[in-house]
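Quick notes on the structure that follows.
The values are calculated or read from the model by the stated rules, or taken from the named source; none is laboratory data. Worth saying up front: this structure is predicted, and the values here are computed from it rather than measured. Neighbour counts are summed over all protein chains in view; Cβ atoms, including those assigned to glycine, are modelled from backbone coordinates with ideal geometry. Please note that ligands, DNA and RNA were not included when accessible areas were found on the heavy atoms of the full protein model with its side chains. Shrake-Rupley method; radii C 1.70, N 1.55, O 1.52, S 1.80 Å.
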Amino acid sequence: MFPAPFEYVAPSTLDQAIRLLQQYGADARLLAGGQSLIPMMRFRLANPKVLIDLNRIPGLDFLEEDRGVLRIGAMVRHRAMERTPLIQQRYPLLADTARVIADPIVRNRGTVGGSIAHADPAGDWGAALLAAKAEVVITGPKGRRMGQRTLPLEDFFTGPFMTALQPGEIVTEIRVPAPGPREAGAYLKIERKVGDFAVVAVGVQIALDADGVCRKAGIGLCAVGPTSLRAREAEEWLIGKRPDESVIARAGELAAEASQPTSDTRGPAEYKRDMVRVLTVRALRKALERIPMA
Amino acid sequence: MPARKGKRATAAPRRTAARKAVEAVQPAARQRIRVTVNGHPYEADVEARTLLVYFLRDTLGLTGTHVGCDTTSCGACTVLLNGEAVKSCTLFAVQADEAEILTVEGLAKDGELHPLQKAFWEDHGLQCGFCTPGMLMTAYAFLMENPHPSEEEIRVAISGNLCRCTGYMNIVKAIQHAAQEMAAR
């Protein structure tokens, strides 16, 4: 299967890329890792006239903690999220997620920014980064605010494969609050086989105070709604409580209520809703096990 | 457009940075690319929509890399791009401009099979052989970074490569065997 003909351009700076986006407008698509876009082009579900390749722009793959924030450059590959010691040691939610995205070869190419901008409701990063309370840094034409703006990820997703990106804008960074003391996360996914999309997946991030009371909670749901979803009621339920088994069980029920699954080849809606409950409970348990309580 | 196989000693001079910058901002339906495949430099005009696997097979005639599913699932088309395993059906040839590529044809040296190839042969790590080039290239990249893998690690490493004969037992065995051979060298 061959994509329809298109024109290719590989700018070497972000400014050039933004100018090209402005020039070609809706005819253009950005190419990051290409592991979703290229298959879509082969199936002719996507037929851009101009393909703007971001892979030749240096400086978009930084991955560092800076003044209480994890800064993930948009072109950071899934593989780097999987292998970087900083992520493995401080961000178990993100390390868990990276390990279950697609397959190891696809993870060599696919990028975090590309995944977020693609906004597939079954994309793993969406749910994980909602749980992590991430923000998206968007760079666009110069003018207002030096061409940059930052949005909570929740406001970035506006529908299936739809985002708040305006013409000429590019996702350049994802920002995740660095974990405080007694804070951890986990990501659990049910998939039919390696490389398939999630049947259901759930990401959680939880922080306790010195007395073991929950002071912060994030829960993101994957593949059970028109976008990646945040289980807000479940999060609020946890805050101020000691997360024992009965509290966790109720959080699972609230997360299931927040899900909006549809029946498809990966399972009936009822089943998926119940799996949201089960995975939320298990992910919370796993995250809590990871919190060292001195 | 036929490919021209360059001579290593007389490779054409690299494009200057300035010229490249001018070229870079102009979208084009065709582009001239230079790649090094299995140590040999090649230069060719390619259509932007040409996927790397078709460039390797149809333009360069390197048919060892197989097209399997064409949907980024099976891994039969796996090659190394600058040392990393990639599915060559999910990358445009123009993206590989100035890259080094290793395909299954580049594994044997001076008529001698690579230890991975020998191990696949000896341990019956293939039945129909269709997935073999991808399995070999994935295993090659994997053993470069993890020379002493556990069986579990091997199974994860090849989880993006499908064998429709389901001959995974012997594929895993062959990779273990090759790892031992390579470590003993």
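Shape class for the protein assembly as shown: oblate, because the ratio a/c of the largest to smallest gyration tensor axis (alpha-carbon atoms, square roots of eigenvalues) is 1.5 or more and b/c is at least a/b.
Computed from the mean reciprocal separation of all distinct C-alpha pairs, what Kirkwood hydrodynamic radius does region A:7-54 have, in Å? Write out the running numbers ahead of the final one.
Working: mean 1/r = 0.0925 Å⁻¹.
Mean inverse Cα-Cα distance, inverted, gives 10.8 Å.
Placing unit charges on C-beta atoms (Lys and Arg positive, Asp and Glu negative, everything else neutral), compute the dipole magnitude of region B:30-106 about its Cα centre in debye, rounded to 20. If you can, show how the numbers build up before the last one.
Numbers: 6 positive and 10 negative charges, 27 e Å.
That gives region B:30-106 a dipole magnitude of about 140 debye.
In terms of its C-alpha gyration tensor, region A:1-144 comes out oblate, because a/c is 1.5 or above while a/b does not outweigh b/c. Computed over the alpha-carbon pairs of region B:128-185, the distance histogram in 10 Å steps reads 24, 60, 16, 0 percent, short to long.
Rounded to the nearest 500, the 222 nm mean residue ellipticity of chain B from helices alone is -9000 deg cm²/dmol, with -39,500 (n - 2.57) taken per DSSP H run of at least 4 residues. Surface composition of chain B: carbon plus sulfur atoms contribute 53% of the solvent-accessible area (1.4 Å probe, protein chains only, all chains present).
Only Cα pairs under 8 Å and 6+ residues apart enter the sum, and on that basis the relative contact order of chain B stands at 20 percent. Neighbouring Cβ atoms from other chains, within 10 Å of the Cβ of residues in B:45-53, number 4 on average. Rounded to the nearest whole angstrom, the semi-axes of the ellipsoid equivalent to chain B, taken from the Cα gyration tensor as √(5λ), stand at 32, 18, 14, largest first.
Average accessible surface for region A:139-284: 44 Å² per residue, computed with a 1.4 Å probe over protein heavy atoms with every protein chain in place. Which distance in Å, rounded to a whole number, links the C-alpha centroids of region A:36-67 and region B:107-147? First find each Cα centre; the distance between them is then 31 Å.
Across peptide A:48-54, how many C-beta atoms of other chains are within 10 Å of each residue C-beta, on average?
The per-residue average across the peptide is 3.
Averaged over the residues of A:1-14, the number of partner chain Cβ atoms lying within 10 Å of the residue Cβ comes to 6. Look at the Cα gyration tensor of region A:183-289: its axes a ≥ b ≥ c give a/c of at least 1.5 with a/b over b/c, and that counts as prolate.
Label separation (A:GLU289 vs B:VAL156): 1.6 nm, computed from points 7 Å beyond Cα along the C-beta direction.
Label sites at B:ASP58 and A:ARG282, each approximated as a point 7 angstrom past Cα along Cα to Cβ, lie 4.4 nm apart.
Would any residue of region A:16-34 have its amide N under 18 Å from a label point 7 Å out along Cα→Cβ of A:LEU45? List them or say none. Label zone hits: A:29-34. Placing pseudo-labels 7 Å out from each Cα toward the beta carbon at A:ALA4 and A:GLN23 gives an inter-label distance of 2.2 nm. Relative to the longest principal axis of the Cα atoms of chain A, helix A:245-258 runs at roughly 40 degrees. For A:ALA128, the shell of other residues with beta-carbons less than 12 Å away shows a net charge of +2, using +1 for Lys and Arg and -1 for Asp and Glu.
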